Amino acid sequence: MRHQKSNSQISKSSLFLIILGCLLGLLVLAAIIFQPWYYLEKHSGSYDSEWPYHDQTHGDYSSNYDGIDISRHNGRIHWDELQGNKHLKFIYVKASEGRTHKDPCYERNIREARNHGFLVGSYHFLSKGSSGASQFENFKNTIDWEKQDILPMIDAEDDGTKGWSKEEIQEHLRDFIFACKKEYGKVPIIYCSQSYYKDYLSPDFDDYTLFIANYRKAQPVLPGKPKYDIWQFSRRGRIPGIWTWVDLDKFADGMSIDKIQIKN
C-alpha cells in the first residue's frame, strides 16, 4: 500500500508540473500576441497602421534637439501635430534592413514628413547574412532618390552585425558606402554608438561624417582624431504628435543642416 501511495503522489506531482508549465506557456504566448512592439518587430510585412492607440509617453515635452529618427517602432505619427515644430531641422526615416526587409512604415513616413515641410533622409540598418553591396540594392530599391533632402545614412549596431568580425563589418560597410557613392555620387553618413565606433570602425572610418549615439549626457568622445558630427543623445524624447518615445539628435558645434543637405 505504501508503494502504491508513493506512485500516486508522484503522478499528481507530475500532472501539477505539466499544468503549471502549460499555464506559463499560455501567459508568455498572450504577452507576445498582445504587445504591439513585438508584433511590429517580428512581422515585417504586416503591421497595425493605427497603433499606438494612445500616448504612451509622459512628462514634459523635450527641447534642445535638431532632429529625430523614426521607424515602424514609433507607429502611427500624428503629422498635423508635429508640423511647425521649431526644433526639428531634419528627420531620418528607416527605409530598409538586410538584403530584403523594407520598413512597412517607410513610404507613409517619408511622404508625410515631406508633405508637412520637413527635410528628410533615409537610412538602412546593416545586418549580417548578406553582403553590403546586396544590402545597398535593397536600400536603393526602397527609396526614391528624388525625395531625399539630406544625405543617406547607414546604421551599424551590435544587434545587426553580431557574429561578424571587425574585418567583416568594415568590409561590408565599405561595400555599402562604395555602392551608394557610385549610384548617387554621395557618401552616406555612418551611424553607430560611441563604443561600436571604438571597437569596430576606428581609425579606418575617421574621415566620414559620423552620427554617434551616446546617452550618458556627455558629448561623444571618439578615439584618435575624429569628432562626431551628429549626436543621438536620448532614446526617450517626448514630442507632440509622436505617441512613443523617440530618438533625439543634435548637431555638433560647427555642424549644421547645410552640411548634410543634398544640393543637386
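Remarks
- Single match in Tyr215, Tyr191 (criterion: under 26 Å from His87 (Cα atoms), of a type in the set (Ser, Thr, Tyr) and touching a Phe, Trp or Tyr at 6+ places or on another chain (Cβ under 6 Å)): Tyr191
- Apart from one condition, Tyr191 fits all of (1) assigned to a loop (DSSP other than H, G, I, E, B); (2) out of contact with any helix residue (DSSP H, G or I) (no Cβ under 8 Å at 6 or more places or on another chain); (3) within 27 Å of Arg114 (Cα to Cα); the exception is (1).
- Counting the residues of region 207-219 that are exposed (fewer than 15 other Cβ atoms within 10 Å of the Cβ) and modelled with pLDDT under 95 gives 3.
- With respect to (1) charged (D, E, K, R); (2) assigned to a strand (DSSP E or B); (3) over 13 Å from the mean Cα position of the chain (by Cα), the lone exception for Lys128 is condition (2).
- Cβ pairs under 7 Å, 6+ apart, first in region 50-78 and farther than 16 Å from Phe90 by Cβ, second among the aromatic types (Phe, Trp, Tyr) and open to solvent by less than 10 Å² (accessible area, probe 1.4 Å): none
A quick yes/no check of all residues on (1) charged (D, E, K, R); (2) surrounded by 15 or more Cβ atoms within 10 Å (Cβ to Cβ); (3) in a loop (DSSP other than H, G, I, E, B):
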site: Gly160; (1), (2), (3): no, yes, no
site: Gly163; (1), (2), (3): no, no, yes
site: Ile169; (1), (2), (3): no, yes, no
site: Asp175; (1), (2), (3): yes, yes, no
site: Val187; (1), (2), (3): no, yes, yes
site: Phe205; (1), (2), (3): no, yes, yes
site: Lys225; (1), (2), (3): yes, no, yes
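- Extreme residue, farthest from Pro152 (Cα to Cα), among residues of region 227-264 that are assigned to a loop (DSSP other than H, G, I, E, B) and among the aromatic types (Phe, Trp, Tyr): Trp243
The values are calculated or read from the model by the stated rules, or taken from the named source; none is laboratory data. None of the values given here were measured: they were computed from a predicted structure. Ideal geometry is used to build each Cβ from the backbone, glycine not excepted, and the neighbour counts take in all protein chains shown. Side chains included, ligands, DNA and RNA excluded: accessible areas come from the protein's heavy atoms. Shrake-Rupley method; radii C 1.70, N 1.55, O 1.52, S 1.80 Å.
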